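Student: One structure, as structure tokens, below. Some questions next.
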Amino acid sequence: MHTGRAPTRAALTAELGVTRATAGAVAAELESLGLITVDSRPGAASGTQGRPSHRLAVDPDGPVVLAAQVHADGYRAALVGLGGHIVATAPGSGTAAADPAQILGEVVASGARLLESTGRRCVGAGLAVPSAVAEPEGTAINPLHLAWEVGAPVREIFTRALAEARISGPSGDETAPGYAANDINLAALAEHRHGAGRGARHLLVVGTGHRGVGGALVLDGRLHTGSSGLALEVGHVTVDPGGRPCHCGSRGCLDVETDPLAFLEAAGREPGPEVSLLERAEELIRTEYDSDPAVRTAVETLIDRLGLGLAGLVNILNPDRIVLGGLHRVLLETDGERLRAVISGRSLWGRSGSVPLLPSSLAHNSLVGAAELAWQPVLDDPLGTLTR
Ligand SMILES: [Zn+2]
């Protein structure tokens, strides 16, 4: 039901492989927990055959989780319900100070105000950060576009901020445990469960944030995070050996050659101090791609570099779908034909050029993914977590 696969009791019965009576009991239990609604009125959407099946839906007034995202250009908090629905969101502003406690305190306070204004029950909290997060420590080990120190214990700081703001956990009487993970990993999880990645078995997600490039792989529904949370650092695939120096110590990485700043430089534009680099790059393509040859050339340059990087990844990972986010989504939508041609020209016998390439489809997918972290214990055991 969370991923939309069981809109009716008949579908729930089929998905669970249980009897009608058992599926009915499960639905009734979830309804009594306030998670879903069961509509048995005549005229409700019918099952595949025979009598109409009860219609199941996420309870629009059900519990939510607090989702938080910190990025190079500021932060955003949201309340996210079951089904990945964003119930309310409030953008933040300002840049991340050197002390992570400051911005995490601000984003949690912003989420607390949303909870107060909506009156919704909170059952957990998740955080997306633009850094690999080492497991099991919960530390941000390469917060490259933030002034945080390497190894900042973000999960611990987030959890402390939740306690200070009195954000409750699943059973309502304890503080929400804080979860934290890399923003692109979380975007991939969200796209797999609710967006353009639904149904893919080997889903590769690549995208830019406001700065830099990240990637993630979802295998059979689970994020492939490697032995310590650091797998799929696709941003450091070399796409131009003589290119810009990268903060990783190499040169010409996807990270510095295909992100919004690289695009603005390729187009000969000043980054501009006051707006998000990602928004500025997207706006420039939307408004001047057709009229300004420099913008068109910059798009082609970035597509060629991105295609080179994707071809290498396709050869190694053999995904059955690729979803592109951030600026890469805009590049795909602007000239997908060119991007596909570059990939197929450089991948195994050209066959990998046929991998479906889709734009990400969720607004704020990292936030929705952060919410997935917080929803997971409830998804695993609704009765046990909500009524403990
Ligand atoms: Zn690099």
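The values are calculated or read from the model by the stated rules, or taken from the named source; none is laboratory data. Please read all numbers here as calculations on a predicted model, not as lab measurements. Here Cβ is always computed from backbone atoms with ideal geometry, including for glycine, and neighbour counts include all displayed protein chains. SASA here: full protein model, heavy atoms, side chains in, ligands and nucleic acids out. Shrake-Rupley method; radii C 1.70, N 1.55, O 1.52, S 1.80 Å.
Student: In contact (Cβ under 8 Å) with a residue 40 or more places away in the chain, farther than 16 Å from T208 by Cα and within 16 Å of the ligand (Cβ to nearest atom): which single residue out of G243, G249, G312 fits that description? So that I can check it myself, show each step before the final result.
Tutor: Numbers: G243 fails: in contact (Cβ under 8 Å) with a residue 40 or more places away in the chain; G249 fails: in contact (Cβ under 8 Å) with a residue 40 or more places away in the chain.
Exactly one of G243, G249, G312 is in contact (Cβ under 8 Å) with a residue 40 or more places away in the chain, farther than 16 Å from T208 by Cα and within 16 Å of the ligand (Cβ to nearest atom), namely G312.
Student: Same structure, new question: Among the polar types (S, T, N, Q), within 26 Å of P170 (Cβ to Cβ) and in contact (Cβ under 8 Å) with a residue 12 or more places away in the chain: does that describe T37? Steps first, please.
Tutor: Working: among the polar types (S, T, N, Q): yes; within 26 Å of P170 (Cβ to Cβ): yes; in contact (Cβ under 8 Å) with a residue 12 or more places away in the chain: yes.
Here the answer is yes, as T37 does meet what is asked.
Student: Here are some conditions: (1) aliphatic (A, V, I, L, M); (2) touching a Lys or Arg at 6+ places or on another chain (Cβ under 7 Å); (3) open to solvent by 40 Å² or more (accessible area, probe 1.4 Å). I303 meets all but one. Which one does it not meet?
Tutor: For I303, the failing item is (3).
Student: Oh, and also: Keeping to the stretch 8-33, report how many residues are under 29 Å from the mean Cα position of the chain (by Cα), open to solvent by less than 30 Å² (accessible area, probe 1.4 Å) and free of Cβ contacts under 8 Å to residues at least 40 places away in the same chain.
Tutor: Qualifying residue count for the region: 1.
Student: Now for a separate question. Here's a check for you: in the stretch 317-330, which residue that is over 17 Å from A363 (Cα atoms) and open to solvent by less than 10 Å² (accessible area, probe 1.4 Å) is farthest from the chain's Cα centre (by Cα)? Full working, then the answer.
Tutor: The initial filter retains those residues of the stretch 317-330 that are over 17 Å from A363 (Cα atoms), namely 317-322.
Add one more test, that the residue is open to solvent by less than 10 Å² (accessible area, probe 1.4 Å), and what stays is 319, 322.
Working: P319: 18, I322: 14 Å.
Among residues in the stretch 317-330 that are over 17 Å from A363 (Cα atoms) and open to solvent by less than 10 Å² (accessible area, probe 1.4 Å), the one farthest from the chain's Cα centre (by Cα) is P319.
Student: Kindly indicate which of L278, L230, L217 is in contact (Cβ under 8 Å) with a residue 40 or more places away in the chain and in contact with a Pro (Cβ under 6 Å, 6 or more places away or on another chain). Break it down into steps so the answer makes sense when it comes.
Tutor: Details: L230 fails: in contact with a Pro (Cβ under 6 Å, 6 or more places away or on another chain); L217 fails: in contact with a Pro (Cβ under 6 Å, 6 or more places away or on another chain).
When all the criteria are applied, what remains is L278.
Student: Taking G207 as the residue in question, decide whether it is free of Cβ contacts under 8 Å to residues at least 12 places away in the same chain and within 30 Å of V123 (Cβ to Cβ). Write out each step before concluding.
Tutor: On the way: free of Cβ contacts under 8 Å to residues at least 12 places away in the same chain: no; within 30 Å of V123 (Cβ to Cβ): yes.
So G207 does not fit the description; no.
Student: Which condition from (1) among the hydrophobic types (A, V, I, L, M, F, W, C); (2) open to solvent by less than 40 Å² (accessible area, probe 1.4 Å); (3) part of a strand (DSSP E or B); (4) under 28 Å from V275 (Cα atoms) is the one that V87 breaks?
Tutor: Of the numbered conditions (1) among the hydrophobic types (A, V, I, L, M, F, W, C); (2) open to solvent by less than 40 Å² (accessible area, probe 1.4 Å); (3) part of a strand (DSSP E or B); (4) under 28 Å from V275 (Cα atoms), the odd one out for V87 is (2).
Student: Of the residues S344, S361, S291, only one is over 24 Å from the mean Cα position of the chain (by Cα) and not in a helix (DSSP H, G or I); which? Break it down into steps so the answer makes sense when it comes.
Tutor: Details: S344 fails: not in a helix (DSSP H, G or I); S361 fails: over 24 Å from the mean Cα position of the chain (by Cα).
None of the others qualify; the one that does is S291.
Student: Just checking, how many residues over the stretch 263-279 are closer than 15 Å to L331 by Cβ and in a loop (DSSP other than H, G, I, E, B)?
Tutor: Residues that pass the stated criteria total 1.
Student: Out of the stretch 205-240, which residues are outside any loop (DSSP other than H, G, I, E, B), within 13 Å of the ligand (Cβ to nearest atom) and open to solvent by 30 Å² or more (accessible area, probe 1.4 Å)? Before the answer, list the steps.
Tutor: Residues of the stretch 205-240 that are outside any loop (DSSP other than H, G, I, E, B), as a first pass: 205-208, 213-219, 222-223, 234-236, 238.
With within 13 Å of the ligand (Cβ to nearest atom) added as a condition, the list becomes 213-215, 234-236, 238.
If the condition is that a residue be outside any loop (DSSP other than H, G, I, E, B), within 13 Å of the ligand (Cβ to nearest atom) and open to solvent by 30 Å² or more (accessible area, probe 1.4 Å), then H236, T238 are the ones that fit.
Student: Another one. Considering only the stretch 256-276, I want to know if a residue exists there that is more than 16 Å from the ligand (Cβ to nearest atom), among the polar types (S, T, N, Q) and open to solvent by less than 20 Å² (accessible area, probe 1.4 Å).
Tutor: For the stretch 256-276, residues more than 16 Å from the ligand (Cβ to nearest atom), among the polar types (S, T, N, Q) and open to solvent by less than 20 Å² (accessible area, probe 1.4 Å): present.
Student: Quick one: which of R305, R296, R286 is in a helix (DSSP H, G or I), of a type in the set (K, R), within 16 Å of the ligand (Cβ to nearest atom) and at pLDDT 95 or above?
Tutor: Numbers: R296 fails: within 16 Å of the ligand (Cβ to nearest atom); R286 fails: within 16 Å of the ligand (Cβ to nearest atom).
On inspection, the qualifying residue turns out to be R305.
Student: Which one is farthest from G197 (Cα to Cα), of the residues in the stretch 128-186 that are of a type in the set (D, E, K, R) and assigned to a helix (DSSP H, G or I)? Please lay out each step first, then the result.
Tutor: First, the residues of the stretch 128-186 that are of a type in the set (D, E, K, R): 135, 137, 149, 155-156, 160, 164, 166, 173-174, 183.
From what's left, assigned to a helix (DSSP H, G or I): 155-156, 160, 164, 183.
On the way: R155: 27, E156: 31, R160: 34, E164: 37, D183: 16 Å.
Looking at residues that are of a type in the set (D, E, K, R) and assigned to a helix (DSSP H, G or I), I get E164.
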